Amino acid sequence: MKSSIFLLTAALVAGSAALAPATAQNAARAARIATLSNDTEQEVIGWRRDLHEHPELGNQENRTAALVAEQLKKMGIEVQTGVARTGVVGILRGGKPGRVVALRADMDALPVTEANNLPFASKATATYNGQQVGVMHACGHDTHVAMLLGAAEVLSKMRKDLPGTVKFIFQPAEEGSLPGEEGGARLMVKEGVLTNPTVDAIFGVHINAQTEVGTLKYRPEGTMASSDVFKITVKGKSAHGAYPWLSIDPVVTAAQIITGLQTIISRQTELTEDAAVLTVGMVHGGVRNNIIPEQVELTGTIRTLNKDMQQKIWAAVRRTATNIAESVGATAEVEIENYAPVTFNNPRLMEQMLPSLRQVAGPQHVVLQKAVTGAEDFAFYQEKIPGLFVFVGGMPKGKKPAETAPHHTPGFFIDESGFTLGVKTLATLASDYLNAKK
């Protein structure tokens, strides 16, 4: 990775002791957040189990939104509903003037059929892309909602001492919308979630099934990759499968393009600078075994950690597909759409808040991680204002990451004993930010 990241990391480590909260007032506030967070544990677990049993796909989170709005109102928090379709925003105005900070959780589930034998396992189904599918919180968004509700309850009980305002953003469709639909963080920002009142900084957490409970992981600058969707339509000439010389075969051409795309990463991308991924995830073409079709569609994803590399890979995909197709007399139409930018942790905000993370979890449990090629639309908020995105451990103690089911799979499992740390983290980040000197 770039040397600037190592220099920044060294500065963070060296300066953390001097930046750590040391006053009696800070210590008392931290103790109060810890006590209130511990008190919410069973309630947070209850919310999470309810949400896990009743998951909803993106832009369909009506039951989830109703539960969130009801709980926020019980806490005396101002509530806005119907934001970016099914989103909910809570506004907690502190007893003293100050800045505005936002905390965000995503609410949507995935088209995955759950395989866990839990009393609250999902039995939900839905129609997705024309298919009947199981629906499951296979990425932990149910835990994010529950932990943010817990943080809202903690901060609502500290209202009179808060110097400023907290916005609680419960966002739909982080995993993406159906074709033709707009949603997620991009639509939240478009509809003004960062204004009225204007937000100064935003924080978010993501549960991680391969990180042990009690652990927080962070990274300054690029921490999660941008995510792009590409579609390549290979057009040839149809013929009987027994007479391939009469065709311009888009199936064979598509196969050559798939092979060619692999060299973009392995031979054309400077991986010592940053990681990058190019994956073809869908191949569609043909209706019968002995008919060479007229066209084949390839769809996939591109993941990069900086904009220069992203643009180089986009150009290489277009060049590779069109030239290979042209070489055999076919054509290739290439469409590339950006789903989410790089999740970029603001370095100054990271430096300011790292002592808070260490105070919450203990210095030995706050770990600098490598960048990951997963993506998060939290990045759209970070494009507008300083933001910080942190990972919270959800793997049972004593387990090894290789022994646990990955995110987005039927066996995905989260240890509920890690939720209180998530609540403390969110509440502490908001409180410490508002109480810090400008």
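The values are calculated or read from the model by the stated rules, or taken from the named source; none is laboratory data. Keep in mind that this is a model prediction, so the values were computed, not measured. All Cβ positions, even for glycine, are placed from backbone atoms using ideal geometry, and neighbour counts span all protein chains on display. Heavy atoms of the whole protein, side chains included, go into the accessibility calculation; ligands, DNA and RNA do not. Shrake-Rupley method; radii C 1.70, N 1.55, O 1.52, S 1.80 Å.
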Selection count where residues are more than 21 Å from residue 192 (Cα to Cα), part of a helix (DSSP H, G or I) and touching a residue at least 24 places away in the same chain (Cβ under 8 Å), scope region 68-104: 1
Which residues, counting only those in region 123-154, are open to solvent by 10 Å² or more (accessible area, probe 1.4 Å) and within 14 Å of residue 413 (Cα to Cα)? 139
Give region 164-181 a look and list any residue that's open to solvent by 20 Å² or more (accessible area, probe 1.4 Å) and either of a type outside the set (Ser, Thr, Tyr) or in a helix (DSSP H, G or I) (or both), or say none. 175, 176, 178, 179, 180, 181
Determine, yes or no, whether residue 411 is touching a residue at least 60 places away in the same chain (Cβ under 8 Å), of a type outside the set (D, E, K, R) and on the phi > 0 side of the Ramachandran plot. no
Which one is most open to solvent (accessible area, probe 1.4 Å) among residues in region 41-67 that are among the polar types (S, T, N, Q) and outside any helix (DSSP H, G or I)? 60
Counting only residues that are among the small types (Gly, Ala, Ser) and crowded, with 21+ Cβ neighbours inside 10 Å, how many does region 319-337 have? 4
Residue 33 at pLDDT 95 or above, buried (at least 21 other Cβ atoms within 10 Å of the Cβ) and not in a loop (DSSP other than H, G, I, E, B): yes
Mind checking whether some residue in region 104-113 is modelled with pLDDT of 95 or more, of a type in the set (Lys, Arg) and in contact with a His (Cβ under 9 Å, 6 or more places away or on another chain)? yes
Can you find a residue that is out of contact with any Phe, Trp or Tyr (no Cβ under 8 Å at 6 or more places or on another chain) and surrounded by 24 or more Cβ atoms within 10 Å (Cβ to Cβ) anywhere in region 234-243? yes
Go through region 266-299 and give me each residue that's in contact with a helix residue (DSSP H, G or I) (Cβ under 8 Å, 6 or more places away or on another chain) and closer than 18 Å to residue 229 by Cα. 276, 277, 278, 280, 283, 296, 298
Whether any residue in region 293-312 is more than 30 Å from residue 385 (Cα to Cα) and without any contact (Cβ under 8 Å) to a residue 24 or more places away in the chain is what I want to check. no
Residue match in region 217-232 (condition: over 30 Å from residue 107 (Cα atoms), open to solvent by less than 20 Å² (accessible area, probe 1.4 Å) and out of contact with any Lys or Arg (no Cβ under 8 Å at 6 or more places or on another chain)): yes
I'd like to know if region 198-209 contains one or more residues that are open to solvent by 20 Å² or more (accessible area, probe 1.4 Å) and closer than 30 Å to residue 404 by Cβ. yes
Pairs returned, first residue in region 258-275 that is under 15 Å from residue 303 (Cβ atoms) and free of Cβ contacts under 8 Å to residues at least 40 places away in the same chain, second residue that is of a type in the set (Asp, Glu) and open to solvent by 90 Å² or more (accessible area, probe 1.4 Å), beta-carbon separation under 7 angstrom, 6 or more apart or interchain, are none
